[in-house]
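Colleague: Here it is, the structure in full.
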Amino acid sequence: MKVLLVGSGGREHALAWKLSQAPDLAELHAAPGNPGIATLGRCHPVRAEDGESLLTLARSLEANLVVVGPEAPLVAGVADELRHVGVPVFGPSSGAARIEGSKSFAKDVMRAAGVPTAESLSVARPPCVIKADGLAAGKGVFICHDQAELDVALQAATSFGDSIVIEELLEGEEVSVFALCDGVRALALPVVQDFKRAEDEDTGPNTGGMGSYSPVAGFGPAEVEDVLDTVHRPVLEELAARGAPFVGVLFAGLMLTDDGPRVLEFNCRFGDPETQSLLPRVNGDLLGALARAAAGDLSAVELEVSDTAAVTVTLAAGDYPAANDVGSPIDGIEEAEQAGALVFHAGTALNGDRLVTNGGRILSVTSTGVTVAVARERAYAACELVSFAGMRYRNDIAAMAHV
């Protein structure tokens, strides 16, 4: 099978790493990819949002499956363009991707489907949560405990667009629950907890994600199926009834409140950096599962989840999320990999033969172990082997995990 992977981040490198293990993989291509992905397949200089060029590339490669990683091309309709001419795609249509592309649309779908979620508010008064309605690369959610935070949030949220969503502020632990979907069915993937704030102890601004771990205590197979029955499957049914069946990864961000799980948001793709902790725990043929989902039939697919734990730590630029870092030499990746870690490229580039920084989140360092504590110790030991100017990371990823 010839596969074209769309995207260039740490999530896509993790997907490339997993897909490269598939028994039926003949060729792996990426658009545009990154230096890490280039060690596993061939990268092509085509932007993820350029549907016309992706279509031309997929045809020239005679791709049997296109896997779209990021949300922006999905919301923009890249999957529709490919499907329209018969190219199999793992990733939702633009209509189904609105579940992430518009917070107000997602709220409407959840109301219609009877899915428990945070209450919408008509007036912004603290405490509350302000959300940019459209895509914001994980940076469009603002927690407001007082008026000062609210004033800052309203200004910041509108920088992503004119429309905002106001919600009640829920308290509790957050978890990410993923399911592979074929338009009708939902197949559970490992539950992950991620860390969105830039600084230790969940302080600082929201980011695209500073680390993650899996498994999460209290989420065995039975509990995950309960979530899928309560959250994912009703949404799949509602989207299908609206003429937008969802094919791809439906990712629910949940708050575990005293009154039970509440949906904070939906995403229409694999998470980043959740995928880097999720995929090392998935045994079996992920490529086959994605292909069956794209074909509309997951009924015979099973993916075993390992008992192994995984912890991922994001290595970020010094000023992230306010600014990126470009051109700083990166050292120590080979040493970290020799120590047993997986190092996924997120914001890297080649300057000649030299690997350099090229973004905000530069690398994801993932380690596995028999427990989260063991995996965490290994991940942080590997992080100490990597260096670039201004490199920083949170020191408390998975510190409070009880698995």
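Colleague: Roughly to the nearest percent, how much of the accessible area of segment 112-188 is carbon and sulfur, given a 1.4 Å probe? Kindly include the intermediate steps, with their values, before the conclusion.
Modeller: Details: 1900 of 3600 Å².
On segment 112-188, the fraction of accessible area on carbon and sulfur atoms equals 53 percent.
Colleague: Rounding to the nearest 20 debye, state how big the charge dipole of segment 280-396 is about its Cα centre with +1 on each Lys and Arg Cβ and -1 on each Asp and Glu Cβ.
Modeller: Dipole size: approximately 260 debye.
Colleague: Just 275, 203, 366 to compare: in a GNM of the chain, with alpha carbon springs under 10 Å, which one fluctuates most?
Modeller: 203
Colleague: Return a whole-number percent for the relative contact order of segment 1-135, with Cα pairs under 8 Å and 6 or more residues apart as the contact set.
Modeller: Computed value for segment 1-135: 19 percent relative contact order.
Colleague: How big is the Cα convex hull of segment 258-389 in projection, averaged over all directions, in nm²?
Modeller: Across all orientations, segment 258-389 yields a mean hull projection of 11.5 nm².
Colleague: Here's a follow-up. Please list the non-local residues whose amide H lies under 5 Å from the amide H of residue 264, H modeled 1.01 Å from N, same-chain partners needing a gap of 5 or more.
Modeller: Placed amide hydrogens put 253, 254, 255 under 5 Å from residue 264.
Colleague: Suppose a student asked you for the relative contact order of segment 58-193, using Cα pairs under 8 Å spaced at least 6 residues apart; what percent would you report?
Modeller: Dividing the mean separation by the residue count of segment 58-193 yields 17 percent.
Colleague: For residue 331 paired with residue 174, estimate the spin-label separation in nm (one decimal), with each label point 7 Å from Cα along the Cα-to-Cβ line.
Modeller: Roughly 3.5 nm, to one decimal.
Colleague: Per q in 0.10, 0.14 Å⁻¹, report the Debye log10 I(q)/I(0) for the chain, using one uniform scatterer on each alpha carbon and no solvent.
Modeller: Taken in order of the listed q values, log10 I(q)/I(0) reads -0.62, -1.32.
Colleague: Work out the length of the dipole vector of segment 75-170 about its Cα centre, built from +1 on the beta-carbon of each Lys and Arg and -1 on the beta-carbon of each Asp and Glu, and round it to the nearest 20 debye.
Modeller: The dipole magnitude comes to about 240 debye.
Colleague: Under 12 Å from a point 7 Å along the Cα-to-Cβ line of residue 396: which residues of segment 178-220 have their amide N that close?
Modeller: 196-204
Colleague: Hey, another quick one. Using a 1.4 Å probe on the protein heavy atoms, what percent of the accessible area of segment 1-64 belongs to carbon and sulfur?
Modeller: Carbon with sulfur: 46 percent of the solvent-accessible area.
Colleague: Let me ask something else about it. Quick check on packing: order 246-252, 167-173 by the mean number of other C-beta atoms within 10 Å, highest mean leading.
Modeller: 246-252, 167-173
Colleague: While we're here: For the chain, with the dipole built from +1 on Lys and Arg beta-carbon atoms and -1 on Asp and Glu ones, taken about the Cα centre, which of 75, 166, 41 lies farthest toward the positive end?
Modeller: 41
Colleague: State the extension gain, in nm to one decimal, for the chain segment bounded by residue 387 and residue 373, taking 0.36 nm per residue of separation less the distance between their alpha-carbons.
Modeller: Gain in length upon complete extension: 2.7 nm.
Colleague: Report relative contact order for the chain in percent, whole number only (criteria: Cα-Cα under 8 Å, sequence separation at least 6). Walk me through the numbers before you get to the answer.
Modeller: Values: 1010 pairs, mean separation 66.0, N = 403.
In percent, rounded to a whole number, it is 16.
Colleague: So what is the accessible area of segment 73-114 per residue, in Å², with the probe set to 1.4 Å?
Modeller: Per residue, segment 73-114 has 35 Å² of solvent-accessible surface.
Colleague: Say we join alpha carbon atoms closer than 10 Å with springs in a Gaussian network model of the chain; which of 291, 26, 96 then has the biggest fluctuation?
Modeller: Looking only at 291, 26, 96, the largest GNM fluctuation is found for 26.
Colleague: Give me the percent of accessible area attributable to carbon and sulfur for segment 305-345, probe 1.4 angstrom. Before the final figure, lay out the partial values.
Modeller: Numbers: 700 of 1740 Å².
Here it works out to 40 percent.
Colleague: Which one of 156, 289, 14 has the biggest mean-square fluctuation once the chain is modelled by GNM with Cα springs under 10 Å?
Modeller: Answer for the Gaussian network model of the chain: 156.
Colleague: Which loop GluC sites (Glu not before Pro) in segment 261-305, with loop taken from DSSP, have no more than 12 other Cβ atoms within 10 angstrom of their Cβ?
Modeller: Passing sites in segment 261-305 are 302, 304.
Colleague: Further question on the same structure: Full extension from residue 53 to residue 308: what is 0.36 nm times the residue separation minus their Cα-Cα distance, to one decimal in nm?
Modeller: Here the answer is 87.8 nm.
Colleague: What translational diffusion coefficient, in µm²/s and rounded to a whole number, does the Stokes-Einstein relation yield for segment 13-128 at 10 °C and a viscosity of 1.306 mPa s, taking the hydrodynamic radius as the Kirkwood radius over Cα pairs?
Modeller: 98
Colleague: Just to compare against my own numbers: the Cα pair-distance distribution for segment 62-141, 10 Å bins, whole % per bin, please.
Modeller: For segment 62-141, the binned pair fractions read 17, 38, 28, 13, 4, 0 percent.
Colleague: If the chain between residue 149 and residue 104 were fully stretched, how many nm would it gain, using 0.36 nm times the residue separation less the Cα-Cα distance?
Modeller: 14.0 nm
Colleague: What's the magnitude of the charge dipole for the chain around its Cα centre, counting Lys and Arg as +1 and Asp and Glu as -1 at the beta-carbon? Answer in Debye, nearest 20.
Modeller: Using Cβ point charges on Lys, Arg, Asp and Glu, the chain gives about 880 debye.
Colleague: Assuming a ≥ b ≥ c are the square roots of the Cα gyration tensor eigenvalues, decide whether segment 161-310 counts as rounded (a/c under 1.5), prolate (otherwise, with a/b larger than b/c) or oblate.
Modeller: The shape class here is oblate.
Colleague: Count the lysine pairs in the chain whose Cα atoms sit under 21 Å apart, keeping only pairs 8 or more residues apart in sequence or on different chains.
Modeller: 9
Colleague: May I pose another question? With the other protein chains left in place, how much accessible area per residue, in square angstrom, belongs to segment 230-293 at a 1.4 angstrom probe?
Modeller: 28
The values are calculated or read from the model by the stated rules, or taken from the named source; none is laboratory data. What you are looking at is a predicted structure, and each value in this text was computed from that prediction instead of being measured. Glycine gets a Cβ as well: all are built from the backbone with ideal geometry, and neighbour counts include every protein chain shown. SASA here: full protein model, heavy atoms, side chains in, ligands and nucleic acids out. Shrake-Rupley method; radii C 1.70, N 1.55, O 1.52, S 1.80 Å.
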